[in-house]
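See below for the structure under consideration.
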Amino acid sequence: MLRPSRKNDLADLYVIWHDAVKATHHFLSDSAFDEIALQVKVDYLPSRQFLVFADENDVSCGFMGANGNEIESLFVHPDQHGKGIGKQFIDHMKAANERVVLEVNEQNPQAVGFYEAVGFKVDRRDPTDSHGRPFPILHMVWQRD
């Protein structure tokens, strides 16, 4: 089930983010991961509202942050990859928008492949992330026909 995040979800959302990134972002050094993890835990997660996918026991399995038609974050716990959770988030965004945009690390082929499989196309590429780190970013777009 999809539901809005609650304050008591923060610890679970961090675990989902942590484990998903460890499973898919092999290009990050330990120091880069630690730096980003601190930002996510202290700044990002507490300051945003998310859409959470929770199982029948209300255990969080994934979350998505969105701003209008932009997906700002989408993370699914690696134990739940391939079960359609990510697609449910995407379908939710597609139902509400004519056009959906997102950014994804080019060095995360699993995520790039997922977004391509659900209809996104690369619009442009930046050689660094928004903090100037050497992690190329793909800007992807889905447009309703």
I need every pair where a residue in the range 98-125 that is farther than 14 Å from Met64 by Cβ has its Cβ under 6 Å from the Cβ of a residue that is among the basic types (Lys, Arg), sequence separation at least 6 or different chains. Glu98/Arg144
Which one is modelled with the lowest pLDDT, of the residues in the range 24-55 that are in contact with a Pro (Cβ under 8 Å, 6 or more places away or on another chain) and not in a helix (DSSP H, G or I)? Gln49
Which of the residues belonging to the range 126-145 are touching a residue at least 12 places away in the same chain (Cβ under 8 Å) and surrounded by 11 or more Cβ atoms within 10 Å (Cβ to Cβ)? Asp126, Asp129, Arg133, Phe135, Pro136, Ile137, Leu138, His139, Met140, Val141, Trp142, Gln143
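Residue by residue, here is whether (1) touching a helix residue (DSSP H, G or I) at 6+ places or on another chain (Cβ under 7 Å); (2) more than 21 Å from Val15 (Cβ to Cβ) holds:
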{"position": "His81", "(1), (2)": "no, no"}
{"position": "Phe135", "(1), (2)": "no, yes"}
{"position": "His139", "(1), (2)": "no, yes"}
{"position": "Trp142", "(1), (2)": "yes, yes"}
What about Glu72, is it at pLDDT below 95 and either surrounded by fewer than 16 Cβ atoms within 10 Å (Cβ to Cβ) or not in a strand (DSSP E or B) (or both)? no
Need the failing condition index for Gly62 against (1) part of a helix (DSSP H, G or I); (2) in contact with a His (Cβ under 8 Å, 6 or more places away or on another chain), just the number. (1)
Taking Lys87 as the residue in question, decide whether it is modelled with pLDDT of 95 or more and either surrounded by 15 or more Cβ atoms within 10 Å (Cβ to Cβ) or closer than 23 Å to Arg3 by Cα (or both). yes
What's the total number of residues in the range 1-19 that are surrounded by 15 or more Cβ atoms within 10 Å (Cβ to Cβ) and of a type in the set (S, T, N, Q)? 1
Based on this model, can you work out whether Val21 counts as in a strand (DSSP E or B), touching a Phe, Trp or Tyr at 6+ places or on another chain (Cβ under 8 Å) and either at pLDDT 95 or above or basic (Lys, Arg) (or both)? no
If you check Val104 against the conditions, is it in contact with a Lys or Arg (Cβ under 7 Å, 6 or more places away or on another chain) and either exposed (fewer than 15 other Cβ atoms within 10 Å of the Cβ) or modelled with pLDDT of 95 or more (or both)? no
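Okay, residues lined up against (1) touching a residue at least 24 places away in the same chain (Cβ under 8 Å); (2) farther than 24 Å from Ser130 by Cα; (3) touching a Cys at 6+ places or on another chain (Cβ under 9 Å):
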site	(1), (2), (3)
Pro4	yes, yes, no
Asp9	yes, yes, no
His18	no, no, no
Ile36	no, no, no
Lys87	yes, yes, no
Ala95	no, yes, no
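The values are calculated or read from the model by the stated rules, or taken from the named source; none is laboratory data. Everything quoted here is computed from the prediction, not taken from an experiment. In this analysis, Cβ positions are derived from the backbone assuming ideal geometry, glycine residues included, and neighbour counts consider all displayed protein chains.
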